[in-house]
Amino acid sequence: MTQTALAGATAEAPTAAISEATTTATAATSPAATGPAAEKPVRPVRARPASKPHGQWKIDGKAPLNANEVWKQEDDGLSVRHRIETIYSKQGFDSIADDDLHGRFRWWGLYTQRKQGIDGGKTAQLEPHELEDSYLMMRVRTDGGQLTTEQLRVVGQISIDFARNTADLTNRQNIQFHWIEVENIPEIWRRLEAVGLQTTEACGDVPRGMLGSPVAGIAKAEIIDPTDFLQELRDRYIGNPEFSNLPRKYKTSITGYPDHDTIHEINDISFVGVEHPELGPGYDLWVGGGLSTAPRLAQRVGVFVPPEEGPAVWEGVTSIFRDYGYRRMRNKARLKFLVEDWGAEKFRQVLEDEYLGHKLPDGVTPPKAKVNGDHVGVHEQKDGNFFIGAAPCVGRFSGTGMLALADLLEAHGSHRLRTTPLQKIIALDIPKDHVEAVITGLDEIGLSARPSVFRRNTMACTGVEFCKLAIVNTKDTAINIISELEERLADLVDAGELDEPLTLYLNGCPNSCARIQTADIGLKGIVVPTDDGGTQGGFQVHLGGGLSSHNREEAGLGRTVRGLKVAIPDLPDYVERVIRSYVSNKLAEETFAEFAHRVDEELLT
């Protein structure tokens, strides 16, 4: 047997492989042997050891294979709420057990935040406990981004009373507080839950906050309204112990809007509204998307999901992840790795045969979007009123801003709003003759319904200001870039050269919370050398990524330019330079992403 053949020997027959290898090697080196083999002994070839178990519950059993899986089985993450209410909130931060603080707290939307004043260059040099403060980040889940003005007031007042006026909008349609003290958590929960909000499973190895179309139930172009579907998932499965111990985080998106407004290609499970030629409106099912350090785009399973079967299909896919997901190594535990290994065909077969007990109809490919799906600007609703999509600066908002927004909307007869997967806010139910007044009021509180192309399309993660994993300051850097580009590139905007969206996403570390691989210009925080031998914050550049949209047929990841690293002070110069290079060298009707993948590197540096 050759070495190549031996490398492919199955785990079921290692003894035979070793025997054959030994025989071959002995024959080649025996005294009777002649020819080249006699002059050059052949090293015995060993069979590959049997592959280690992946920790799949249905195959390998539930014996935990890493420390996280141990404490998850010892005590479910949901159980920590009782200890927070009865022990930790009374005895303070120092009383919190390590497994709870760095593990189970996430099941209730809580992380320790970064200690102030620690430079980003220290992130990889210090131990986690040296980086963290005794304050917490708290994430409020707002599935589908749905909020009432009453809920907004409660969130805003919590921000003022307990979070130093922080209230960032995330690209998961959530709201994040910082500076939370454990002593105040029970009161915060009481206030949130009194108006139907929660932090349950906003983080952790669970079904996290679910993305939903921000215009569900109101958009004139909507194929199907997913509101009831989303509500049923939330009511039946959030906080349900059946799904409170998944291999890793689990992200859901559901939209019935035809213009791709829930980033379905990068979620673990996505339902995309389609019109079946025979069965009517329903959903196309996608699984296995996710970015971070090993980005994968979701695959179409190839099935049509009738509306009434949506919850059962979600439960089936989630159960596959729970039962077959990889639990041995945390960095290989996301659903995307199982989907990559199985493929869509096997995934469909397991879903139908083992979990649904019946076949689903073949799916319908979602059509290409016709318009920009970020919902910024003024749009007419089904009922004749209008919704207005407005942009804060990279998701940064405040409690006082939320109270002012609630006042503004109610003054014009609206009691509903939505957050979006692009860090935007949508005001609903605005009468036509109130639209301009609302737009003016939004501007006064830092929300622009007519933002510049740069403000509209720039996103940033939390960054080094609060995140223990971050290396650079993202929010302030992004705000500065927006201001610089608005001034520097005004000539291109005035000439109509930048009418189409040009996305700019900044992430403080490699984990891609800000989806850098799917931006026209994606910036990943790193440490770069200085001329005097020191270091400073900077970014690695990704160019030409994007998700399917009105100007892009399919999702694709950005390219990196070899050796291209930009220090923060040089960032405005670089971004201006690459945008001007695009305008000067693009082909007719060529998008920035097409340009970035076509041209040689010298035009991108």
Qualifying aspartates and glutamates (Cα of each under 18 Å from Cα of Lys468; at least 8 residues distant if same chain): Asp98, Asp99, Asp100, Asp119, Glu127, Glu130, Glu132, Asp133, Asp168, Glu181, Asp476
Ordering Asp531, Asp284 by how much accessible area each has at a 1.4 Å probe, largest first, what is the list? Asp531, Asp284
Answer label, with volume of the Cα convex hull per residue in Å³ calculated from the coordinates and candidates [x] 204; [y] 194; [z] 185: [x]
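At 222 nm, what value in deg cm²/dmol follows for the chain if DSSP H runs of at least 4 each add -39500 (n - 2.57) and the sum is divided by all its residues, to the nearest 500?
My calculation for the chain gives -8500 deg cm²/dmol from helical runs alone.
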For Ala221 and Asp161 in one chain, what is 0.36 nm times their gap in residues minus the Cα-Cα distance, to one decimal in nm? 17.5 nm
Tell me whether the stretch 254-388 comes out rounded, prolate or oblate; compute the Cα gyration tensor, take square roots of the eigenvalues as a ≥ b ≥ c, and use a/c under 1.5 as the rounded threshold. oblate
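So how much slack lies between Glu589 and Glu436, counting 0.36 nm per residue of separation and subtracting their Cα-Cα distance, in nm?
On the way: separation 153, 0.36 × 153 = 55.08 nm, distance 3.32 nm.
Taking Glu589 through Glu436 to full extension adds about 51.8 nm, to one decimal.
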For Lys220, counting only lysines whose alpha-carbon sits under 22 Å away and dropping same-chain residues fewer than eight positions off, the answer is Lys368, Lys370, Lys382, Lys424, Lys432
Assuming 0.36 nm per residue, please report the length gained on full extension of the stretch Glu275 to Ala294 beyond their Cα-Cα distance. 3.5 nm
Normalised by the number of residues in the chain, what is the relative contact order in percent for Cα pairs under 8 Å and 6+ residues apart? 12
Take the solvent-accessible surface of the protein heavy atoms, probe 1.4 Å, and return the percent of it on the stretch 114-256 that carbon and sulfur atoms account for. 43
Looking only at lysines whose Cα falls under 30 Å of Lys58's and that sit 8 or more positions away or on another chain, we get Lys72, Lys249, Lys251, Lys332, Lys336, Lys346, Lys359
In whole angstrom, how far apart do the alpha carbon centroids of the stretch 238-313 and the stretch 329-373 sit? 8
Just to confirm the number: angle between the C-alpha axis of helix 149-162 and the first principal axis of the chain, 0 to 90 degrees, nearest 10? 70
Cα→Cβ-extended label distance, 7 Å offset, between Gln231 and Gln116, nm: 4.3
To the nearest 20 Debye, how big is the dipole of the stretch 432-511 about its Cα centre, given +1 on the beta carbon of each Lys and Arg and -1 on that of each Asp and Glu? 500
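The values are calculated or read from the model by the stated rules, or taken from the named source; none is laboratory data. Because the structure is a prediction, the values reported are computed rather than measured. All Cβ positions, even for glycine, are placed from backbone atoms using ideal geometry, and neighbour counts span all protein chains on display. Side chains included, ligands, DNA and RNA excluded: accessible areas come from the protein's heavy atoms. Shrake-Rupley method; radii C 1.70, N 1.55, O 1.52, S 1.80 Å.
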